Amino acid sequence: MKTKVAIIGSGNIGTDLMIKILRLSQKLEMSVMVGIDPDSDGLERAKRMGVSTTYLGVDGLIEMEAFKDIKIIFDATSAKAHIYNWNKIKKYEDKKMIDLTPAAIGPYIIPPVNFLDN
């Protein structure tokens, strides 16, 4: 069974990651693409590729039915936005957030080495 994931950040980095997960991953299932601009190219592309979307940011993600099954959240936003996003997600013990921003908050993770420790 694949692990369901969400990506926060519908810009180039988030969209590229989404496409790679959809096309290449044998372990991850793309569940939700999260953005803040309802007209963003990344959210439009996600919709065309059959991925659920929200333009209400991390708050919109938390309100979605799909949120309960998501185990990994990739944050491809900004350092400032990551602080807000992390403060919203950290209370959900069954979720792991992977920081792809320049925020450098939290431990560095190399999934095959220390993912389960963090």
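All of the numbers you see were taken from the coordinates with simple rules; none came from a lab. Note that the coordinates shown come from a computational prediction; the quantities given were computed from them, not determined experimentally. Using ideal geometry, Cβ is built from the backbone for each residue, glycine included, and neighbour counts are taken over all protein chains shown.
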The chain, helix-only ellipticity at 222 nm - DSSP H runs n ≥ 4, -39,500 (n - 2.57), divided by all residues, nearest 500: -10000 deg cm²/dmol
Chymotrypsin sites (Phe, Trp or Tyr not before Pro) within the stretch 22-96: DSSP coil, no more than 16 neighbouring Cβ in 10 Å: Tyr55, Tyr92
Gyration tensor over alpha-carbon atoms, the chain, equivalent ellipsoid semi-axes in Å: 20, 17, 14
Full-extension gain in nm, Asn87 to Met1, via 0.36 nm per residue minus C-alpha separation: 28.1 nm
Three-way shape label, the stretch 56-118, alpha-carbon gyration tensor, a/c 1.5: oblate
Amide H contacts of Lys96 (H built 1.01 Å from N, under 5 Å, at least 5 apart or other chain): Ile72, Ile73
From phi via Karplus (6.51, -1.76, 1.60), per-residue ³J(HN,Hα) for the stretch 64-81 in Hz, x at Gly/Pro: 6, 4, 5, 4, 4, 8, 6, 10, 10, 10, 8, 9, 10, 9, 10, 4, 5, 5
Of Met30, Met49, Met18, the one that fluctuates the most in a GNM where the chain has Cα springs shorter than 10 Å: Met49
Neighbour-count order for Ile89, Ile73, Ile62, Ile19, fewest beta carbons within 10 angstrom listed first: Ile19, Ile62, Ile89, Ile73
